[in-house]
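Undergrad: Provided herewith is a single structure, encoded as structure tokens, for subsequent inquiry.
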Amino acid sequence: MSHIAARNWRVILAVGAAVLTSGALAADDLPIAGLYTQDEACKGDGSDPDYLLVKITPKDISYASGVCSIDHAQQNANKTLLRVTCKFLSGAVMASDISFTARDSKTLDMAQQDGSYTAVLHRCPG
């Protein structure tokens, strides 16, 4: 490999590393953390059905069908991108990329990156 080609590869690798780490969140820093309901406004009085509840922490997302551990989180303006590994109650395990886009301080648009699932999450009071 020529000296110029080797230098170009180093530049490409450095730029790639910078892009991958750009916007990455610290382990305990997740601005969307909280309790939400799916596709319905949260009453927040304890009467919201369990199957609508979604709890997001810096480490995982819990909901009626299972738990997704957060493997990587990245923030870009009003969008949070998560790489997750989900364990469903059925025992199945799946890795996925999910985006959360803030509509306002109380509502998130959630989309699985392959387009197979979308929902609107409504933040619960408190």
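Undergrad: Does Gly34 meet the test of being touching a residue at least 24 places away in the same chain (Cβ under 8 Å) and at positive phi? Reasoning before the result, please.
TA: Working: touching a residue at least 24 places away in the same chain (Cβ under 8 Å): yes; at positive phi: yes.
In short, yes.
Undergrad: Moving on. How many residues are in a helix (DSSP H, G or I) and either small (Gly, Ala, Ser) or surrounded by 16 or more Cβ atoms within 10 Å (Cβ to Cβ) (or both) if we restrict to the stretch 30-52?
TA: 1
Undergrad: Starting from the stretch 50-76, keep only residues that are on the phi > 0 side of the Ramachandran plot, then list their pairs with residues that are surrounded by fewer than 15 Cβ atoms within 10 Å (Cβ to Cβ) and part of a loop (DSSP other than H, G, I, E, B) whose Cβ atoms are within a distance under 9 Å, requiring at least 6 positions of separation or different chains.
TA: As it stands, the answer is Gly66/Leu89; Gly66/Ser90; Gly66/Ala92, since those pairs meet every condition given.
Since every read-out is calculated from the coordinates, none of them should be taken as a lab result. Small disclaimer: the values here were computed from a predicted structure and weren't measured. So basically every Cβ, Gly included, is an ideal-geometry build from the backbone, and we count neighbours across all protein chains shown.
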